[in-house]
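Below: one structure, written as structure tokens.
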Amino acid sequence: MTLDLSHIAELVGIGQALLASAVLVFLRIGAALALLPAFGEQSVPQRVRLVIALAFTAVVAPAVATSMPAEPRLLHAAAEVVAGLALGAVFRLMILALQISGSIIAQATSLSQMAGSAMAEPQPAVGQVLMVSGLALAVMAGLHVRLAEALILSYRLLPPGAFPSAAEFATWGVAQTARAFSLGFSLAAPFAIASLMYNLALGAINRAMPALMVSFIGAPALSAGGLALLALLSPLLLSVWFSALQGVLDNPFAVPP
């Protein structure tokens, strides 16, 4: 039996091309995973995140192998990292929307001093509850499948190895940030309105009865009312947030109005 060296050299060349393509895909996914919801949380161990990145690479790489550069270079690797960070940032903004609403709710209901320090950055317990609930809802609804789809489709809008336009990138980033803040304020609006009306009523009572120390009565009642309102409105708030997340997953690079 003779050994055909030409076939072996051809197989080695194909293997090197596939490996280089997989490395570029891993760079984009690894950069995105640093910011992705649920899978990129700082509470997730680094080894687990590495395994998740490899798993996403195994899913995405075969689907985009034909669109990868024939001869990858260092500039292509840098472009993939930028694209991955951009994709991860838009999904991280949806989590920040929950944290923003939680902070506003906590300030409005006198619960801001209750810190949920399980995260890297302490935040009010209301924000912690909303964030964990939102992440659980997203994962139960198949977040991993939708993220894999978004990663594959991202190669159409952000071709591999090409840097995005700075002007379009800035416009998209500002619009996504504005949407996150708008969503956060919208979710917290019922609590802010209820708190304003309650404090106005306390002010009127205090003017009518100056001898009554309304702070001893009003503050506990405000906190209890805020917790009751949170228990009633949490399903609605999470459904509104999840609908917004679905829109981002459908088209993460769309510029919202």
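So that you can scan it fast, the table gives a plain yes or no per residue for (1) farther than 24 Å from residue 255 by Cβ; (2) among the hydroxyl-bearing types (Ser, Thr, Tyr); (3) modelled with pLDDT of 90 or more; (4) outside any loop (DSSP other than H, G, I, E, B):
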site	(1), (2), (3), (4)
147	no, no, yes, yes
159	no, no, no, no
164	no, no, no, no
167	no, no, no, yes
172	no, no, no, yes
192	yes, no, yes, yes
203	yes, no, no, yes
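The conditions are (1) exposed (fewer than 12 other Cβ atoms within 10 Å of the Cβ); (2) touching a helix residue (DSSP H, G or I) at 6+ places or on another chain (Cβ under 8 Å), and residue 231 fails exactly one of them. Which is it?
(2)
Out of the residues in region 172-181 that are in contact (Cβ under 8 Å) with a residue 60 or more places away in the chain and either of a type in the set (A, V, I, L, M) or in contact with a Ser or Thr (Cβ under 9 Å, 6 or more places away or on another chain) (or both), which is surrounded by the fewest Cβ atoms within 10 Å (Cβ to Cβ)?
For region 172-181, the residue satisfying everything is 178.
Mind checking whether some residue in region 207-221 is in contact with a Gly (Cβ under 9 Å, 6 or more places away or on another chain) and either in a helix (DSSP H, G or I) or on the phi < 0 side of the Ramachandran plot (or both)?
Yes - at least one qualifying residue is present in region 207-221.
Within region 26-61, take every residue that is in contact with a helix residue (DSSP H, G or I) (Cβ under 9 Å, 6 or more places away or on another chain) and basic (Lys, Arg) and give me the one that is farthest from residue 98 (Cα to Cα).
Per the criteria, the residue is 28.
Out of curiosity, is residue 47 at pLDDT 85 or above, of a type in the set (Lys, Arg) and more than 28 Å from residue 133 (Cβ to Cβ)?
The answer is no for residue 47.
Go through (1) closer than 19 Å to residue 245 by Cβ; (2) among the polar types (S, T, N, Q); (3) exposed (fewer than 14 other Cβ atoms within 10 Å of the Cβ) for residue 154 and report which single condition fails.
Evaluating residue 154 over (1) closer than 19 Å to residue 245 by Cβ; (2) among the polar types (S, T, N, Q); (3) exposed (fewer than 14 other Cβ atoms within 10 Å of the Cβ) leaves (3) as the failure.
The values are calculated or read from the model by the stated rules, or taken from the named source; none is laboratory data. These numbers were taken from a predicted model, which means no experiment stands behind them. Here the Cβ is made from the backbone with ideal geometry for all residues, glycine too, and neighbour counts use every protein chain on show.
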